[in-house]
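Enquirer: Right, I'll just put the structure down here and ask away after.
The values are calculated or read from the model by the stated rules, or taken from the named source; none is laboratory data. Remember, it's a predicted structure, so these values are computed and weren't measured experimentally. Quick reminder, even Gly has a Cβ in these numbers, built from the backbone with ideal geometry, and neighbours come from all protein chains shown. In case anyone asks, the SASA skips ligands and DNA or RNA and just uses the protein heavy atoms, side chains included. Shrake-Rupley method; radii C 1.70, N 1.55, O 1.52, S 1.80 Å.
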Amino acid sequence: MLVVDDDAGRRSRLSDWVAQSGLSPVEVDGRVGEVLELLDLGPEEATHPYHLASSVQRLVALGSVLAMRPPILILDEPSTGQDDPTVRRVLSV
């Protein structure tokens, strides 16, 4: 069972999900760093997702999936409710 820590930031939340896959801590940290950079989520990585705008929360959710490196990724309306810069970030993935 995943325990939610209200003080955990984006990096920590992404790490929690990826760590459940059984990867080593070094691999988890590497993948999370890649996703934070890819989606430009690094500037406030210590901010808990609940304190973020809904558009950024969606990026964190997308990042948690991308960090798992799925062979296929199917998104259902990933740009709904997103502003233009965020839509460009999502489409660049």
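Enquirer: Have a look at 55, 64, 79, 92 and point out the one that is within 20 Å of residue 20 (Cα to Cα) and hydroxyl-bearing (Ser, Thr, Tyr).
Expert: Going through 55, 64, 79, 92 in turn, just one is within 20 Å of residue 20 (Cα to Cα) and hydroxyl-bearing (Ser, Thr, Tyr): 64.
Enquirer: Looking only at the stretch 37-48, count how many residues are in contact (Cβ under 8 Å) with a residue 24 or more places away in the chain and more than 17 Å from residue 81 (Cα to Cα).
Expert: Final tally of qualifying residues: 8.
Enquirer: Within the stretch 81-91, can you find the residues that are in contact (Cβ under 8 Å) with a residue 12 or more places away in the chain and not in a loop (DSSP other than H, G, I, E, B)?
Expert: 86, 89, 90, 91
Enquirer: Which of the residues belonging to the stretch 57-80 are open to solvent by 60 Å² or more (accessible area, probe 1.4 Å) and in contact (Cβ under 8 Å) with a residue 24 or more places away in the chain?
Expert: Across the stretch 57-80, the qualifying residues are 58, 68, 69.
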